[in-house]
Amino acid sequence: MHIPQNIEEKLWSYIDGSLEKKELDTVEELLRSNNEWKNKYAELMEVHQLMKNNMDLEHPSLRFTQNVMEEISRLYITPATRNYINKNVIWGIGIFFLTTIIGLLIYGFGQIDWSQTGGIDSPQLQEINNINWSRVFSGTYVNVFIMVNILLGLMLLDMYLTRKKNERIRERNA
Amino acid sequence: MDARTTDNEIITRVLRGEHQLYAELVKRYQNFVFTLALRYTPGREDAEEIAQDVFVKAYKALKDFRGESKFSTWLYSIVNSTSITFLRKKKLDTHSLDSEHVMEVADSKESGMSANQVEVKSKVEMVTKAIQLLSPDDAKLITLFYKAEQSLEEIAKILGMETNTVKVKLHRARTRLKEKMEKYFTQEVRDLSY
């Protein structure tokens, strides 16, 4: 009996375990009752086992790993900052600057003579009032500026959330 | 490094700054990557260049690896794209990877060889020689399936194909391999079986 090509494909699927239940039952029945099928199956199984147990891998040169590591040593991946920056130092620096700014503000306000009157008559204030701000910040400029900032903000937020998500997935799979 | 340490654990540590641990991943997969690269190009020097490029690209993109697929599947998909780019750069006919030309190339490998002319001393050698007689496409599929232990779905992802297409192509590749073995190694199969 001639075994058509698609029967051979069915047998390969059977060997790979990718047949549906109904097809699986049919093939198993044929393998029990039909000698042609049995012989063909034995042939294919021989090739399958041969490939599974005897395929060798090629080896690159002995220096391969070293070459790759030398190549990547020239690159730079930003390591997670938590590994090399002490959070206490960051907090310390932050508190120092904040204290300095607050101190300067308190000192500055302390120097102001609140008894003197100011107001619109002050020449400096009048100069400021004379500036035509609408020429500098037209509605379009402001809108574009705000939009660009919003976009940048959203992009940064997206990058941050994606990185967090990837870290979580990796840690879960590890 | 403990062999039981998973790829994902190593990746997490590399990304946290332990760059030297990447060498462990290179050692684990260098033979697979190199063998796959050899399925695209016959020259060992070219294959080694591709393999090195693959590991450098993988390192650069490591932060984008989400761990949704196996690291090996992700790495082999880089082998596929890098090899095709490499061949394009070398102005080789990459289209031939999917065309009838492949068969001509494969046939040319056989030219001048008569049946049972290939001498082999072991089953491993026989399998290696039989694979060399296949087209790059067939050899690639068989290597990914049998040696790199990738499922049909994973191979589909690596090669950017439908799973069913991969399934059919793999069936045909194995049938062609069987034919080559029958043509050139019938005696050897018999001898080595005993």
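Of A:VAL47, B:VAL124, how do they rank once you tally other Cβ atoms within 10 Å and put the fewest first?
Values: A:VAL47 21, B:VAL124 15.
Going from least to most buried by this count: B:VAL124, A:VAL47.
Between A:MET45 and B:ALA61, what is the label-point separation in nm under the 7 Å Cα-to-beta-carbon projection?
My value for the distance between the label points is 4.1 nm.
What average number of partner chain Cβ atoms lie no more than 10 Å from the Cβ of the residues making up B:39-45?
Per-residue shielding by partner chains comes out at 1.
Evaluate the relative contact order of segment B:1-92 (contact order divided by residue number), counting alpha-carbon pairs under 8 angstrom at least 6 apart; express in whole percent. Walk me through the intermediate numbers first.
Working: 57 pairs, mean separation 25.5, N = 92.
Relative contact order, segment B:1-92: 28 percent.
Return the average number of partner chain Cβ atoms within 10 angstrom of each residue Cβ along peptide A:44-52.
On the way: counts 4, 0, 4, 10, 3, 1, 13, 12, 5.
Average per residue, whole number: 6.
Evaluate the distance, in nm, between pseudo-label points positioned 7 Å from the Cα of A:ILE146 and of A:ILE93 along their respective Cα→Cβ axes.
Once both label points are built, they end up 3.4 nm from each other.
Can you sort A:LEU156, A:LEU19 from fewest to most other Cβ atoms within 10 Å of each residue's own Cβ?
On the way: A:LEU156 10, A:LEU19 18.
Fewest to most other Cβ atoms nearby, the residues stand as A:LEU156, A:LEU19.
Evaluate the charge dipole of segment A:5-54 about its Cα centre and quote only its size in Debye, nearest 20, assuming +1 on the Cβ of each Lys and Arg and -1 on the Cβ of each Asp and Glu.
Here segment A:5-54 has a charge dipole of around 100 debye.
At a Förster radius of 25 Å, what calculated FRET efficiency corresponds to the Cβ-Cβ distance of A:MET69 and A:ILE169, to the nearest 0.05? Show your work: numbers first, answer last.
Values: r = 27 Å, r/R0 = 1.07.
Working from the Cβ atoms, E equals 0.40.
Enumerate the whole-percent occupancy of each 10 Å bin, from 0 to the last occupied one, for all C-alpha pair distances of segment B:1-92.
All Cα pairs, binned at 10 Å, distribute as 16, 49, 27, 8, 0 percent.
If we count other beta carbons within 10 Å of each Cβ, what is the order of A:TYR160, B:TYR40, fewest first?
Fewest-to-most ranking of A:TYR160, B:TYR40: A:TYR160, B:TYR40.
Report the one residue of B:PHE55, B:PHE32, B:VAL79 whose Cα lies farthest in the direction of the positive end of the charge dipole of segment B:1-92 (charges on C-beta: Lys and Arg +1, Asp and Glu -1; origin at the Cα centre).
Farthest along the dipole direction, towards plus: B:VAL79.
I'd like the Karplus ³J(HN,Hα) series for segment A:31-36: coefficients 6.51, -1.76, 1.60, θ = phi - 60°, whole numbers in Hz, and an x wherever there's a Gly or Pro.
In residue order, the calculated couplings are 5, 7, 9, 10, 5, 4 Hz.
Considering every residue in B:142-154, what mean count of other chain Cβ atoms within 10 Å of its Cβ is obtained? Show your work: numbers first, answer last.
On the way: counts 2, 4, 0, 4, 7, 5, 2, 1, 0, 2, 3, 0, 0.
Mean shielding count: 2.
With viscosity set to 1.306 mPa s at 10 °C, what whole-number translational diffusion coefficient in µm²/s follows for segment A:5-54 from Stokes-Einstein and a Kirkwood radius over Cα pairs?
Values: Rh = 11.1 Å.
D = 143 µm²/s.
With a point put 7 Å past each Cα toward its Cβ, work out how far B:ASP2 is from A:LEU161 in nm, to one decimal.
3.7
Readers should treat all values here as calculations from the given coordinates under stated rules, not as data from a laboratory. In this text the structure is predicted, and so the values were computed from the model without any measurement. Glycine gets a Cβ as well: all are built from the backbone with ideal geometry, and neighbour counts include every protein chain shown.
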